[in-house]
Structure formats: structure tokens, C-alpha cells
1. Going through segment 26-70 one residue at a time, which ones are touching a strand residue (DSSP E or B) at 6+ places or on another chain (Cβ under 9 Å) and not aliphatic (A, V, I, L, M)?
2. In this structure, is residue 113 at pLDDT 95 or above, of a type in the set (A, V, I, L, M, F, W, C), closer than 19 Å to residue 38 by Cβ and surrounded by 13 or more Cβ atoms within 10 Å (Cβ to Cβ)?
3. Quick one: residue 45 ticks every box in (1) of a type in the set (D, E, K, R); (2) over 18 Å from the mean Cα position of the chain (by Cα); (3) under 24 Å from residue 11 (Cβ atoms) except a single one, so which number is it?
4. Of all residues being among the small types (Gly, Ala, Ser), out of contact with any Gly (no Cβ under 9 Å at 6 or more places or on another chain) and in a helix (DSSP H, G or I) in segment 69-118, which is nearest to residue 21 (Cα to Cα)? Just the residue, please.
5. Residues being assigned to a loop (DSSP other than H, G, I, E, B), surrounded by 14 or more Cβ atoms within 10 Å (Cβ to Cβ) and of a type in the set (Gly, Ala, Ser): count how many of those fall in segment 16-42.
6. Residues being touching a residue at least 24 places away in the same chain (Cβ under 8 Å) and surrounded by 13 or more Cβ atoms within 10 Å (Cβ to Cβ): count how many of those fall in segment 1-15.
7. Has segment 49-58 got at least one residue that is basic (Lys, Arg), surrounded by fewer than 17 Cβ atoms within 10 Å (Cβ to Cβ), in contact (Cβ under 8 Å) with a residue 40 or more places away in the chain and over 14 Å from residue 3 (Cβ atoms)?
8. Checking the conditions here, which among 17, 91 is among the hydrophobic types (A, V, I, L, M, F, W, C), in contact with a helix residue (DSSP H, G or I) (Cβ under 8 Å, 6 or more places away or on another chain) and outside the structural domain of residue 113 (by TED's automatic domain parsing)?
Amino acid sequence: MFFSIDTNNGVAIYEQIVRQVKFAIAEESLRVGQLLPSVRALSVELAINPNTIARAYQQLQSDGVIELLRGRGLAVCTGALELCRSDRRTIIADRLRSVLKEALHGGLNASEIQSIVRGQLNELVPTISTVASNSPTQPIS
């Protein structure tokens, strides 16, 4: 599984892991019944404190996204796909709303904001990989 942790984006590391697991499930690169990496393995892979990984996994369990299978590890729950697709939209909408409010409070009008968003999308889309792959997404027309 591919994780991208950014320590400078203002989102706690455990929350980034939670989001990325949810996004991977929503994108179906993680499927119902599929096991997640162990806390220890993911901690070593990401060079992150195991307690941070454990906290993320606890949050995912609390959210009803993953479940403990005795003797096997943590697996994606039945029903997680719909939940994660809904959560993905909510997470992204909330972050966008925050940025848009800041832009409006900063004096930009809707047309200026749309121009900035369009420009940023056209710049980023060819270079950003999705959760499921390491290949860039398709450009925006």
C-alpha cells in the first residue's frame, strides 16, 4: 500500500494515515476482507512511531472501516466501501471550503478563485499519483 506523509501540511500524521486508508478503500485499491499492514511493518516502512500507526488504526476501527480478525490482523470491514466514499467527499469538501473561505475573506472574487483553482489543477493533475497507483492522473481539459 502506498502512503504519502507530509509533516508540513497541518494535518496530524495519524489523520493522514486514516484519510489515505479511507481513500484507498473508496478507490477500491483496498477491498473488503483485505488485511492492512501490521503496526510494526507500517511503522518501519514510514519511519513513524508505532503509537501513531496504532492511533490511526484505532480511529479506523472506531469509524467502522476496519476490524480485528483474531490471529490474522486488521482487515477492511463489510460496508466500508460506501462509508469511505462518503467520508472521502466530506473530507475533501471540508478542506476546500476552508480554503475558499480564506480566499473570499482575503478579498478574491469568485472568478479569481476559479482561475486559481483551474490553474492549480492543470499544474497538479499530470504530476500527482492516486492512492492506488504511482502513475499520474489524467490532465484536466
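The values are calculated or read from the model by the stated rules, or taken from the named source; none is laboratory data. Since this is a predicted model, take the numbers as computed values, not measurements. When we count neighbours, we look across all protein chains shown, and the Cβ atoms used for this are built from the backbone with ideal geometry, even at glycine.
1. 31, 33, 34, 37, 38, 57, 61, 67
2. Values: at pLDDT 95 or above: yes; of a type in the set (A, V, I, L, M, F, W, C): yes; closer than 19 Å to residue 38 by Cβ: no; surrounded by 13 or more Cβ atoms within 10 Å (Cβ to Cβ): yes.
No.
3. Among (1) of a type in the set (D, E, K, R); (2) over 18 Å from the mean Cα position of the chain (by Cα); (3) under 24 Å from residue 11 (Cβ atoms), the lone unmet condition for residue 45 is (2).
4. Applying the filter and picking the extreme gives 86.
5. 2
6. Matching residues across segment 1-15 total 6.
7. Checked segment 49-58: no residue is basic (Lys, Arg), surrounded by fewer than 17 Cβ atoms within 10 Å (Cβ to Cβ), in contact (Cβ under 8 Å) with a residue 40 or more places away in the chain and over 14 Å from residue 3 (Cβ atoms).
8. Exactly one of 17, 91 is among the hydrophobic types (A, V, I, L, M, F, W, C), in contact with a helix residue (DSSP H, G or I) (Cβ under 8 Å, 6 or more places away or on another chain) and outside the structural domain of residue 113 (by TED's automatic domain parsing), namely 17.
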